[in-house]
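The values are calculated or read from the model by the stated rules, or taken from the named source; none is laboratory data. Remember, it's a predicted structure, so these values are computed and weren't measured experimentally. Positions of Cβ are backbone-derived with ideal geometry, glycine not excepted, and every protein chain shown enters the neighbour counts. Calculation scope for accessible area: heavy atoms of the full protein, side chains included, ligands and nucleic acids excluded. Shrake-Rupley method; radii C 1.70, N 1.55, O 1.52, S 1.80 Å.
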Number of protein chains: 2
Amino acid sequence: MRAFLDGKLQALQALPVDLRDVAAALRNYLLRGGKRLRGALLIAGHQAAGGRPEAALDASIGVELLHGYLLIHDDFMDQDDVRRGGPTLHRALGGDHLGASLALLCGSLCESWAYQLLGPGAPLAARTVEQVIAGQMADLRGPRGRELSAREILEVQRAKTGTYTFELPLHLGATLAAAPQVLLDALSAYARPLGVAFQIADDLLGTFGAAEVTGKPNAGDLREGKWTLLVARALESAAKKDADRLRSQLGKADADVEELRGILRRSGAEASARADAERLCDDALRALDSPAVPEHVADDLRAIARYSVHRAL
Amino acid sequence: MRAFLDGKLQALQALPVDLRDVAAALRNYLLRGGKRLRGALLIAGHQAAGGRPEAALDASIGVELLHGYLLIHDDFMDQDDVRRGGPTLHRALGGDHLGASLALLCGSLCESWAYQLLGPGAPLAARTVEQVIAGQMADLRGPRGRELSAREILEVQRAKTGTYTFELPLHLGATLAAAPQVLLDALSAYARPLGVAFQIADDLLGTFGAAEVTGKPNAGDLREGKWTLLVARALESAAKKDADRLRSQLGKADADVEELRGILRRSGAEASARADAERLCDDALRALDSPAVPEHVADDLRAIARYSVHRAL
């Protein structure tokens with residue numbers, strides 16, 4: 001990835017305008033941490049179908065760059081300042097309209113690189129990106145004056161990350177090695193519940209996690225007023241006094257985070273989210289018993305599932 | 001295109017958040033005018049390689065949507081208010097940060113649709129988009145305190161629109177019908193000079209054109225201080241007094257447009273731009289004499305070349 005990036009960023013300097021600072025900021029953003037989960041999944045999917053890891057290297061860089069594109073654009077839209085323990089790209093580039101525009105273009109560059117690297121997998125990736133964008137639109141627009149139910153939040157989350165994080169890279173890798181349908185089905189049976197579990201774990205981390213683990217401000221979700229499954233469940237099941245308090249404090253920059261966390265705990269929302277994530281993770285692990293998945297790949301996918309969900313539990 | 005859009009925008013309503021106004025604004029933006037030049041070129045390229053027009057219909061919608069994506073994002077970055085005789089999309093959606101974010105997402109949706117419709121042509125399109133974005137970065141950043149020469153401006157313009165408007169759609173259509181290399185080369189020999197001629201014609205229109213023709217404010221380029229080939233040539237060849245005056249007035253919202261137009265005329269910049277566009281258009285027309293290009297397709301491409309350049313001359 002580093003070598004690919006350096007080649008592309010070098011080519012950017014051929015134009016008669018100095019873009020070195022933009023290239024350096026993008027490089028730093030992309031290479032600074034990140035779990036590289038999607039690249040690892042793509043290679044696992046490729047190996048499951050009998051492919052050699054080297055043959056999937058370009059595509060695995062492609063999914064990581066696709067993710068970089070979505071993060072850069074999301075950071076601007078959500079007006080976030082921090083990502084992976086450093087500044088978001090629009091902040092690093094000055095934070096004004098020009099900086100934001102250059103950051104958005106950097107994101108779009110990553111995307112154009114991704115579609116080049118994904119080759120024949122590009123249209124499949126584009127279908128999934130379409131869903132992610134629709135989910136992000138729904139997320140940004142919000143319910144406009146009414147409250148979303150837990151069921152509705154799951155629907156938006158399923159659009160936004162349901163197939164994107166796990167199923168897409170696995171299928172991209174597997175189809176690159178001409179996987180049979182039975183393998184694609186087994187990978188889906190693993191990826192879909194895990195996608196939901198991952199999202200729940202992410203909500204738990206954003207609400208209860210420490211800043212050192214998340215690379216984002218502590219309890220950011222509560223102070224930003226993010227409409228998570230945890231919040232919807234608490235509003236549905238908490239005592240009226242607690243629900244009213246949560247409603248009035250959510251999204252306030254000076255909210256008492258410990259108090260709100262207490263409400264989420266008392267209402268049972270936290271425990272039920274943890275139980276859901278565990279159950280969905282177990283469903284995913286069970287799908288790996290399929291004879292279509294080679295044992296050494298199943299081992300890798302088990303480790304990925306446990307890591308993805310348990311870091312939050 | 002209308003039917004495809006309606007299907008996709010309908011699917012957007014499946015989420016439990018009301019996005020009807022966003023869908024309507026995007027639909028209006030995309031279906032309001034536009035020359036559909038790229039779609040027509042894609043079909044011409046396909047027919048040149050012996051393909052049936054129906055088989056290229058999806059891909060031709062794809063290049064038009066790819067163009068829609070770039071326009072929507074450019075309009076936001078350039079902070080333009082008007083496009084094709086109506087509001088730009090970020091303006092139509094409220095003009096604030098939320099409206100801009102939703103507009104950017106609409107653009108990205110168009111792009112994801114485009115890559116789906118382009119199918120095996122997606123990676124080729126992504127390579128060209130990479131160049132367009134690099135050119136847009138250079139354009140936005142600008143030369144930072146020094147003046148770009150006419151040659152340097154041509155370089156940035158070549159990145160930004162050189163292969164994008166003509167060569168990309170022709171090649172996408174032709175490769176979809178398994179065109180031989182000799183045909184691809186003939187199409188490039190037509191497309192490349194025409195791409196530069198088209199850009200020069202666009203500068204002429206943006207500087208001397210009437211608002212009724214361009215769908216944008218009259219002489220917008222001069223008042224926005226856009227660094228065009230016309231301006232660079234005038235600064236290189238005008239009398240010192242004229243050059244200083246142009247330098248000091250360019251980009252002022254209350255600049256005397258007729259005075260600046262007079263300077264561009266007196267310096268010879270306008271005449272030399274028109275002569276260049278004519279010459280490049282002739283080069284493009286001559287490339288169509290190649291026996292690799294079927295005569296009925298050459299006729300269509302001649303008409304497109306004349307229309308693209310002469311609307312400004």
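Label A:GLU236 and A:ASP289 with points 7 Å out from Cα along Cα→Cβ: what is the distance between them in nm?
So the two model labels end up 2.9 nm from each other.
Can you figure out the FRET efficiency of B:ALA243 with B:ALA275, using R₀ = 30 Å and their beta-carbon distance, to the nearest 0.05?
The formula returns an efficiency of 0.90 here.
Return the carbon/sulfur percentage of the accessible area of the protein assembly as shown, one whole number, probe 1.4 Å, all protein chains in place.
Carbon-and-sulfur percentage of accessible area, whole number: 52.
Give the nm distances, rounded to one decimal, from B:PRO291 to the matching residue in every other copy, measuring between label points 7 Å along Cα toward the beta carbon; shortest first.
Copy-to-copy label distances for B:PRO291: 6.1 nm.
What residue among A:LEU9, B:SER308, A:LEU71 has its Cα farthest toward the positive end of the dipole of the protein assembly as shown, where the charges are +1 on Lys, Arg and -1 on Asp, Glu, each on the Cβ?
Going by the Cα projections, it comes out as A:LEU71.
Taking a quarter of the surface of the Cα convex hull of chain A, what do you get in nm²?
If you wrap the Cα atoms of chain A in a convex hull and average its projections, you get 16.2 nm².
Please state the Cα pair-distance histogram of the range B:64-197 with 10 angstrom bins from zero: what percent is in each bin?
12, 34, 34, 17, 3, 0
Note every residue of the range B:149-191 with a reduction of at least 10 square angstrom in accessible area, all protein chains present versus the isolated chain, computed with a 1.4 Å probe, or write none.
The answer is B:GLU152, B:GLU155, B:VAL156, B:ALA159.
I want to verify a result. In a Gaussian network model of chain A, Cα cutoff 10 Å, which of these has the top mean-square fluctuation: A:GLY50, A:GLY209, A:GLY135?
Largest GNM mean-square fluctuation: A:GLY50.
Find the relative contact order for chain B and round it to a whole percent, using C-alpha pairs within less than 8 Å whose residues are 6+ positions apart.
Once divided by the residue count of chain B, the mean separation gives 19 percent.
What is the percent of Cα-Cα separations in the range A:1-129 that go past 27 Å?
20 percent
Estimate for me the total accessible surface buried between chains A and B (protein heavy atoms, probe 1.4 Å, no ligands or nucleic acids), in Å² to the nearest 100.
4500 Å²
Between the label point of B:ASP21 and that of the same position in each other copy, find the distances and list them shortest first in nm, with every label point placed 7 Å from Cα along the Cα-to-C-beta direction.
List, nearest first: 3.8 nm.
Divide the volume of the convex hull of the Cα atoms of the range A:180-313 by its number of residues and quote the answer in cubic angstrom per residue.
Taking the convex hull of the Cα positions in the range A:180-313, it is 102 Å³ per residue.
For chain A, with a Gaussian network of springs between Cα atoms less than 10 Å apart, report the residue from A:ALA49, A:ALA11, A:ALA273 with the top mean-square fluctuation.
For chain A, modelled as a Gaussian network with Cα springs under 10 Å, the answer is A:ALA11.
Do the alpha carbons of any pairs in A:LYS8/B:LYS35; A:LYS160/B:LYS8; B:LYS35/B:LYS160; A:LYS35/A:LYS160; A:LYS8/B:LYS160 sit beyond 27 Å of each other, and which pairs?
A:LYS8/B:LYS35
Roll a 1.4 Å probe over the protein heavy atoms and report the accessible area of A:SER60 in Å², nearest 10.
10 Å²
So what is the calculated 222 nm ellipticity per residue for chain A, using -39500 (n - 2.57) for each DSSP H run with n of 4 or more, over all residues, to the nearest 500 deg cm²/dmol?
Theoretical 222 nm ellipticity from helices: -22500 deg cm²/dmol.
Ignoring ligands and nucleic acids, what accessible area does A:TYR307 show with a 1.4 Å probe (Å², nearest 10)?
Accessible surface of A:TYR307 is approximately 120 Å².
Over the protein assembly as shown, what lengths in whole Å, largest first, do the semi-axes of the equivalent ellipsoid take, defined as the square roots of 5 times the eigenvalues of the alpha-carbon gyration tensor?
Taking √(5λ) for each eigenvalue gives 46, 30, 21 Å, largest first.
Roughly how many Å² of A:LYS226 are accessible to a 1.4 Å probe, to the nearest 10?
80 Å²
Would you mind listing the distances between the B:VAL82 label point and the same position in each other copy? Use 7 Å along Cα-to-C-beta, nm, one decimal, shortest first.
4.6
Taking the axis that carries chain B onto chain A, what is the nearest Cβ in chain B, and at how many Å, to the whole number?
B:ALA122, 2
Per residue, how much accessible area does chain A have with a 1.4 Å probe, in Å²?
Per residue, chain A has 39 Å² of solvent-accessible surface.
Would you look at the GNM of chain B, springs on alpha carbons closer than 10 Å, and say which of B:LEU264, B:LEU235, B:LEU109 moves the most?
Checking each option, the largest mean-square fluctuation is seen for B:LEU109.
Is there a quick way to get the dipole size of the range A:1-129? I mean about its Cα centre, with the Cβ of Lys and Arg at +1 and of Asp and Glu at -1; what is the value in debye to the nearest 20?
My answer is approximately 440 debye.
About the Cα centre, and with charges only on the beta carbon of Lys, Arg (+1) and Asp, Glu (-1), how big is the dipole of the protein assembly as shown? Nearest 20 debye, please.
420 debye
Normalised by the residues of the range A:1-73, what does the relative contact order come to in percent, with Cα pairs under 8 Å and at least six apart?
26 percent
Report, in debye and to the nearest 20, how large the dipole of chain A comes out about its Cα centre when Lys and Arg carry +1 and Asp and Glu carry -1 on their Cβ.
Taking the Cα centre of chain A as origin, the dipole is about 280 debye.
List the lysines whose alpha-carbon lies under 21 Å from that of B:LYS240, not counting same-chain residues fewer than 8 positions away?
Partners found: B:LYS226, B:LYS252.
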